[in-house]
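**Student:** Quick one: structure below, then a few questions.
The values are calculated or read from the model by the stated rules, or taken from the named source; none is laboratory data. Bear in mind the structure is a predicted one, so any value in this text is a computation, not a measurement. Positions of Cβ are generated from backbone atoms using ideal geometry, with glycine treated the same way; all protein chains shown enter the neighbour counts.
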Amino acid sequence: MTRPADLAALIGTEMGVSRWFEIDQARIDAFAEVTEDRQFIHVDPEAAKATPFGGTIAHGFLTLSLASAMTYDAVPPLDGVVMGVNYGFDKLRFLAPVPVGSRIRGRFRLLSAEDKGGGRWLLKHELTVEIEGSEKPALIAEWLGMQMVGG
């Protein structure tokens with residue numbers, strides 16, 4: 001847990017790194033069904049072999065959708081937090097495809113912390129989603145989250 005009073009001193013520091021998440025074809029197919037995005041580069045291994053990717057790749061939004069689970073792993077909540085809500089993104093770039101069979105993880109750095117009053121803290125983290133064995137990340141984002149602290 002992080003005390004709100006300590007946030008200013010943590011700006012610019014790495015808050016944590018998540019566990020690795022396996023991106024297998026079953027996960028990609030399930031995401032395709034839920035989102036109705038069945039583009040062949042995601043769900044047809046044979047057709048995807050003929051593309052520059054050489055096989056299926058994860059949806060960019062599948063990679064992004066794992067950010068919440070990555071946060072739970074990596075970023076300590078504020079002391080007294082009652083709940084946190086996704087507040088959006090200031091910046092989001094998909095930099096490299098995530099091939100089927102890859103593992104990804106999230107790395108978080110605190111960029112800013114703003115006391116919005118009433119126990120609400122607007123936190124901005126830089127999220128870098130790394131692909132195991134790759135120098136280029138899958139994505140980089142500036143992610144906003146509102147944490148509500150009780151008490």
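**Student:** Considering only residues that are charged (D, E, K, R) and more than 25 Å from GLU22 (Cα to Cα), look in the stretch 67-90 and name the one that is modelled with the highest pLDDT.
**Tutor:** My answer is ASP90.
Yes/no per residue for (1) loosely packed, with under 13 Cβ neighbours inside 10 Å; (2) closer than 15 Å to ARG27 by Cα; (3) hydrophobic (A, V, I, L, M, F, W, C):
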| position | (1), (2), (3) |
| --- | --- |
| GLY54 | yes, no, no |
| LEU62 | no, yes, yes |
| ALA74 | no, no, yes |
| LEU78 | no, no, yes |
| VAL81 | no, no, yes |
| PHE108 | no, no, yes |
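**Student:** Do we find that PRO52 is out of contact with any Cys (no Cβ under 8 Å at 6 or more places or on another chain), at pLDDT below 95 and in a loop (DSSP other than H, G, I, E, B) in this structure?
**Tutor:** No: the conditions fail for PRO52.
**Student:** Going through GLY101, GLY55 one at a time, which residue ends up being within 18 Å of SER134 (Cβ to Cβ), without any contact (Cβ under 8 Å) to a residue 60 or more places away in the chain and among the small types (Gly, Ala, Ser)?
**Tutor:** After applying the criteria, what remains is GLY55.
**Student:** Output the residues belonging to the stretch 56-87 that are among the β-branched types (Val, Ile, Thr), over 18 Å from GLY106 (Cβ atoms) and outside any strand (DSSP E or B).
**Tutor:** Answer for the stretch 56-87, where residues must be among the β-branched types (Val, Ile, Thr), over 18 Å from GLY106 (Cβ atoms) and outside any strand (DSSP E or B): just THR56.
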